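Asks: Okay, here's the structure, questions in a sec.
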Amino acid sequence: MVGLDPRNLPATEAEIDFSDIEEKYQLTFNESFDNVIVIDNLPVVDEKKAEKLERLIHKLLKDVGEIKEDGLFMPMQENADSGETMTQGFAFVEFDTTQQAARALENLQNKKLDKNHILMAYKFTDVERYATMSDEYREPYIAPYEDREHLRSWLFEPKCRDQFAALCGEEVSINLNNQNGKPEEMCSRPGWTENFLQWSPKGTYLTTYHLQGVALWGGESWKKIMRLLHPNVKFVEYSPNESYLVSYSTTPINLDTVLKISPSENPFGPEDEGNTTAVWDVKTGALLRTFGAPLAINDTRPANIRFKWSPDDAYLARCVPGRALEVYQASTMLKLDKKSIEVKSIVDFEWSPGTGKPGRAQSANKTPSYSLVYWTPEVDNLPARVTLMCIPSKEIIRTKNLFNLTDCKFFWQDKGDYLCVHVSRPTADKLNTVSSLELFRIREKSVPVDTIEVNERVTEFAWEPKASQPRFAIISNPEPADEQLNANGMILNPPRPNVSFYEAERRTKSNMARLANAKVGNFRCVKTLEKAKANSLFWSPKGRHIVLATLKTTSAWDLEFWDLNFPTSDDENAPTEMEELSHQSHYGVTSACWDPTGRYFVSYASFWRHPNENGYAIWDVNGHCHTKQLLEGFKQFAWRPRPASVLSDEKRKAIAKNVGKYSAAFEEEDRIFENAASSAVIQKHRRLMEEWTTWRERAVQVYEDERQVLGKGPPPATTVNTDEEEIIEEWVEELVEETEEVVE
């Protein structure tokens, strides 16, 4: 009641101004019906059976979320023929949140009650929208056709040099890695991304992050190929063959927000409201489907579970913690067999990178078949279990019971021939954890499992890629985890763990019987480095070489370059051994990675972790520094991936056999390039000298002309006395050795 004078009150209540009170105590009303769904094709029953039908609906929705009090309503109507009050075959259900409503739609769609009743579920807002839809047809907007550049033209680079993206400050640059000298910059743009950079798995697209969504770039001129509108995207995941892309956001989709950004490009509809995950077709940029975040049991908070792709883009799947495994066909975005795979207490899963049914060779299976592994913890006196399942048949191939465990992690070999299940168990005093490695031999009959008891806490595990004989490395620490981090996530007191290398023993006639009865399987530890400083393992993508790195610490920055097949002699058939090639250091190193060819290794110190001496260093496989760049505000380094080689095994063997001939030709090209570079420098120096001589002669001529104009005659001749010589002696002191001796 602004300016109310008690001595001069208004005649009526309508004349009183309550605007200040209304503003102070204003109430907000939720007028949205996004949390209401309509269930159709329910059985039509009388009043006596209506209560039983309601209990059935509650049972179907018990795992989805809480239905509001009096949130279930089934309209009823008197039957004109019988005079009985009957339900009408549909019901309205109101949930607490829109996420629960979206989950209910997904679970009830095409749910079969009996042969005559297959349920259909809709959003209440969709029913209202279709009921009020205009009869006038509006032609959809079709973007004009634009001819695209060759997206893989970078593979035709004459010298086959690899590219990398660098984010320094607010500027992004695309560079070529030269064999000698500083990298060559191809393209540079300020403000190209608002967060970080990401390459697609085969290097076709460069992904940049923005508040409105993500953008895909490529081609010779680095034009924008498409923009995917999804506000507040945090990260994206490509399918292995780059056919699809999944974008994740922590903010639910809001149509009003999207329409403010770009009404003409809005890909979302009312059915997408409240969802957080979107699946896109990379070739067309079309939105295929959106998903809400899966909910944990008895919890309304979204679980941080992401979609995972099968190796050839055929399926994508996600885990609903504690309830089910959901497998979707990528071509239709519908559930496999239109229903979830119910797995009580499921925690996590992983696809195999290889195809073929477990228990047999890959070539023996003609129809496409995929395998995945998941685990469930100990519940209700039942042991924990690791299960190997075949998709799409959903056949369980192998199970393994585990006891007294706290966590499981899966590590597939790159070919899918082996699976390592890292099992963590508490010690007797509960102060530490110890690890065991369960090794599944996928291609062998009945999928046998070998167990390696490490009896230490394993912190890193990595299979060797493209290995002819299976081999892996681990980092283990016998001490409890007591790492302390600073504000930027850097480790203050790095531990001194052990690094061990394991390899599969070759099966020969002499050791077949022993290996068949061995309790720890056919993997044996061949070398252990005790009290090493490394906390990360980086195998070369071609195998054989590995780098043991100490990352994200404030006191150690070691890089150890190892060759695990170091030849002992010039004979090709001679035995090999593990040899440390070089031990280097890179101050403040926070991240590292190999280039796609396995020829170069890069380590870099990111501004996101610490502000001092940021930049990157490129090393060769022997640990020799190729180049080192100190760049203020440097944030990220990312090699551009390469697609898989199209050469057959026969051609690869032929190239390996004639590598000497090819290397001689390449070395000759390198010499020509170096000579050309040296010739260019010499020519430049000669040109500068000629320019200097010409300028000096012209300056001398001008000087002499000015003296003649002033009547001073020619300048005096300059003579040099060659008889007198000055000798300068320079004394250099060098400390060879210093010995300190205490005399009593």
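The values are calculated or read from the model by the stated rules, or taken from the named source; none is laboratory data. Please read these numbers as outputs of a predicted model, since none were measured by experiment. Don't worry about glycine lacking a Cβ; one is built from the backbone with ideal geometry, like all the others, and counts go over all protein chains shown.
Asks: Output the number of the condition that residue 145 fails; it satisfies all remaining conditions of (1) modelled with pLDDT under 90; (2) under 17 Å from residue 634 (Cα atoms); (3) not charged (D, E, K, R).
Replies: That leaves (2) as the condition not met.
Asks: Output the residues belonging to region 83-97 that are out of contact with any helix residue (DSSP H, G or I) (no Cβ under 7 Å at 6 or more places or on another chain) and surrounded by fewer than 14 Cβ atoms within 10 Å (Cβ to Cβ).
Replies: The answer is 83, 84, 88.
Per-residue answers, yes or no, for (1) part of a helix (DSSP H, G or I); (2) at pLDDT 85 or above; (3) exposed (fewer than 11 other Cβ atoms within 10 Å of the Cβ):
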{"residue": "2", "(1), (2), (3)": "no, no, yes"}
{"residue": "7", "(1), (2), (3)": "no, no, yes"}
{"residue": "26", "(1), (2), (3)": "no, no, yes"}
{"residue": "29", "(1), (2), (3)": "no, no, yes"}
{"residue": "38", "(1), (2), (3)": "no, yes, no"}
{"residue": "54", "(1), (2), (3)": "yes, yes, no"}
{"residue": "57", "(1), (2), (3)": "yes, yes, no"}
{"residue": "70", "(1), (2), (3)": "no, no, yes"}
{"residue": "81", "(1), (2), (3)": "no, no, yes"}
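Asks: On the given criteria, is residue 581 surrounded by 12 or more Cβ atoms within 10 Å (Cβ to Cβ) and of a type outside the set (Asp, Glu)? Talk me through it step by step, then tell me what you get.
Replies: Details: surrounded by 12 or more Cβ atoms within 10 Å (Cβ to Cβ): yes; of a type outside the set (Asp, Glu): yes.
So residue 581 passes the test.
Asks: Within region 611-652, work out how many residues are acidic (Asp, Glu) and not in a loop (DSSP other than H, G, I, E, B). Explain how you work it out, then say what you get.
Replies: Applying the first criterion (acidic (Asp, Glu)) to region 611-652 yields 613, 620, 632, 649-650.
Still in the list and also not in a loop (DSSP other than H, G, I, E, B): 620, 649-650.
Counting residues in region 611-652 that are acidic (Asp, Glu) and not in a loop (DSSP other than H, G, I, E, B) gives 3.
Asks: Ok, one more. Confirm whether residue 393 is touching a residue at least 40 places away in the same chain (Cβ under 8 Å) and part of a loop (DSSP other than H, G, I, E, B).
Replies: no
Here is a yes/no grid of residues against (1) in the same structural domain as residue 327 (by TED's automatic domain parsing); (2) over 12 Å from residue 34 (Cα atoms); (3) within 39 Å of the chain's Cα centre (by Cα):
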position	(1), (2), (3)
69	no, yes, no
78	no, yes, no
84	no, yes, no
88	no, yes, no
94	no, no, yes
98	no, no, yes
105	no, no, yes
109	no, yes, yes
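Asks: When you scan region 264-275, do you find a residue that is in contact (Cβ under 8 Å) with a residue 12 or more places away in the chain, part of a loop (DSSP other than H, G, I, E, B) and within 19 Å of residue 326 (Cβ to Cβ), even just one?
Replies: Checked region 264-275: at least one residue is in contact (Cβ under 8 Å) with a residue 12 or more places away in the chain, part of a loop (DSSP other than H, G, I, E, B) and within 19 Å of residue 326 (Cβ to Cβ).
Asks: Evaluate region 356-370: report whether one residue or more is at pLDDT 90 or above and either in a loop (DSSP other than H, G, I, E, B) or under 25 Å from residue 313 (Cβ atoms) (or both).
Replies: yes
Asks: Then there's this: Tell me, please, whether a residue that is in contact with a His (Cβ under 9 Å, 6 or more places away or on another chain) and outside any helix (DSSP H, G or I) can be found in region 564-573. Lay out the reasoning, then the answer.
Replies: To start, the set of residues in region 564-573 that are in contact with a His (Cβ under 9 Å, 6 or more places away or on another chain) comprises 564-565.
Retained after the next criterion (residues that are outside any helix (DSSP H, G or I)): 564-565.
Yes, that holds for at least one residue.
Asks: Still on this model: Where the second residue is part of a strand (DSSP E or B) and basic (Lys, Arg) and the first is in contact (Cβ under 8 Å) with a residue 40 or more places away in the chain and within 19 Å of residue 214 (Cβ to Cβ) and lies in region 175-199, which pairs have Cβ atoms under 8 Å and are six or more apart or on separate chains?
Replies: 196/635
Asks: Turning to a different aspect of this structure: Filtering region 98-140 down to residues that are under 28 Å from residue 327 (Cα atoms) and acidic (Asp, Glu), which residue is surrounded by the fewest Cβ atoms within 10 Å (Cβ to Cβ)?
Replies: 114
Conditions tested, residue by residue: (1) more than 29 Å from residue 340 (Cβ to Cβ); (2) out of contact with any Lys or Arg (no Cβ under 7 Å at 6 or more places or on another chain); (3) without any contact (Cβ under 8 Å) to a residue 40 or more places away in the chain.
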site	(1), (2), (3)
68	no, yes, yes
74	no, yes, yes
82	yes, yes, yes
102	no, yes, no
111	no, yes, no
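Asks: Right, here's the next one. Is it true that some residue in region 258-279 is touching a strand residue (DSSP E or B) at 6+ places or on another chain (Cβ under 7 Å), on the phi > 0 side of the Ramachandran plot and surrounded by 14 or more Cβ atoms within 10 Å (Cβ to Cβ)?
Replies: Within region 258-279, not a single residue is touching a strand residue (DSSP E or B) at 6+ places or on another chain (Cβ under 7 Å), on the phi > 0 side of the Ramachandran plot and surrounded by 14 or more Cβ atoms within 10 Å (Cβ to Cβ).
Asks: Taking the options 598, 588, name whichever one is surrounded by 18 or more Cβ atoms within 10 Å (Cβ to Cβ), in a loop (DSSP other than H, G, I, E, B) and within 30 Å of the chain's Cα centre (by Cα).
Replies: Values: 598 fails: surrounded by 18 or more Cβ atoms within 10 Å (Cβ to Cβ).
Step by step, each of 598, 588 is checked, and only 588 is surrounded by 18 or more Cβ atoms within 10 Å (Cβ to Cβ), in a loop (DSSP other than H, G, I, E, B) and within 30 Å of the chain's Cα centre (by Cα).
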